[in-house]
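See structure below.
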Amino acid sequence: MPTREEIFQKVQETLVDALVVEPEEVTREATLTGDLGAESIDFLDIVFRLEKAFNIKIPRGDLFPEEVLDDPKYVADGKLTAEGAEELKRRMPWAADHIREGLEIQDLFTVDMIVSFIESKLNQMAASQN
């Protein structure tokens, strides 16, 4: 099982390649859209690259739940509604402490959130093999 730092380093490499940014730009706090300039098409590429880098399967909507973010009852004026924040906390427990009502969608997905997701996925795989 890789350490959290090792996971971060692989996620950082993945994002540098996928988004064509400099490694120093990919900090734990960096947001994919706001800071790193990711667009919706980039999210598919990022998922594919993460699957390959960590040898895992990421079902559509697991890491980036687009259908929630496209629903006006969950997002209004580019920000999470109270209902949207609760729905994302339920679907994304690895990021629950980051999600809150009023959070701008462009600030939702951080590098550290991806690290937490990968860590939880690897822990699930390890637990299922025991």
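Have a look at 77, 35, 107 and tell me which one the Gaussian network model of the chain (Cα, springs below 10 Å) gives the largest fluctuation.
Looking only at 77, 35, 107, the largest GNM fluctuation is found for 77.
Treat the chain as a sphere of radius equal to its Kirkwood radius over Cα pairs and apply Stokes-Einstein at 20 °C in a medium of 1.002 mPa s; give the translational diffusion coefficient in µm²/s, rounded to a whole number.
In µm²/s, the coefficient is 143.
Calculate the dipole size of the stretch 65-105 relative to its Cα centre from +1 charges on Lys and Arg beta carbons and -1 charges on Asp and Glu beta carbons; express the result in debye to the nearest 20.
Using only the charged Cβ atoms, the result is roughly 180 debye.
What do you get for the angle between helix 4-19 and the principal long axis of the chain? Use alpha-carbon atoms, 0 to 90 degrees, nearest ten.
Tilt of helix 4-19: around 70 degrees.
Could you work out the relative contact order of the chain? I mean the mean sequence separation of Cα pairs under 8 Å and 6+ apart, divided by the number of residues, in percent. Please list the in-between numbers first.
Working: 144 pairs, mean separation 39.0, N = 130.
It rounds to 30 percent for the chain.
Based on Cα coordinates alone, diagonalise the gyration tensor for the stretch 29-74, multiply each eigenvalue by 5, take square roots, and list the semi-axes in whole Å, largest first. Show your work: numbers first, answer last.
Values: eigenvalues 79, 47, 14 Å².
After diagonalising the Cα gyration tensor, the semi-axes are 20, 15, 8 Å.
Add +1 for every Lys or Arg and -1 for every Asp or Glu among the other residues with Cβ under 14 Å from the Cβ of residue 42, and state the total.
-4
Any read-out appearing in this document is the output of simple, stated calculations on the displayed coordinates, not a laboratory observation. Fair warning: this is a prediction, and the values are worked out from it, not measured in the lab. We place every Cβ from the backbone using ideal geometry, glycine too, and count neighbours over all the protein chains shown.
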